[in-house]
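Here the structure is laid out as structure tokens; the discussion comes afterwards.
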Amino acid sequence: MYFTDRGLEELETRRGREEFTFSWLATKLRTFVDTNPHYEDAIDRLATYLARDDDPDD
């Protein structure tokens, strides 16, 4: 198990039944980067991955 799996499991347990928009997620990620700028590259990569997940060329 990766270290991050604990956070993902908590997210799923606490909020797994909720629905959200990608606009809400983008706002939350921007807020996170504003308070944790050293994670900017990782958050940018995650956002790009989510944006292009259905594109077979990426």
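With contributions of -39500 (n - 2.57) from each DSSP H run of at least four residues, the per-residue ellipticity at 222 nm computed over the chain stands at -21500 deg cm²/dmol. Taking GluC sites (Glu not before Pro) across the chain, the ones in a DSSP loop with at most 13 further Cβ atoms lying within 10 angstrom of their Cβ are 18, 19.
Shape class for the chain, computed from the alpha carbon gyration tensor (a ≥ b ≥ c): rounded, with a/c under 1.5.
For the chain, chymotrypsin sites (Phe, Trp or Tyr not before Pro) meeting the loop criterion (DSSP other than H, G, I, E, B) and having at most 15 other Cβ atoms within 10 Å: 2, 3, 20.
Here, each number is a calculation from the coordinates, and none is a lab measurement. These figures come from a predicted structure and were not determined experimentally. No Cβ is skipped: glycine too gets one built from the backbone with ideal geometry, and neighbour counts run over all protein chains shown.
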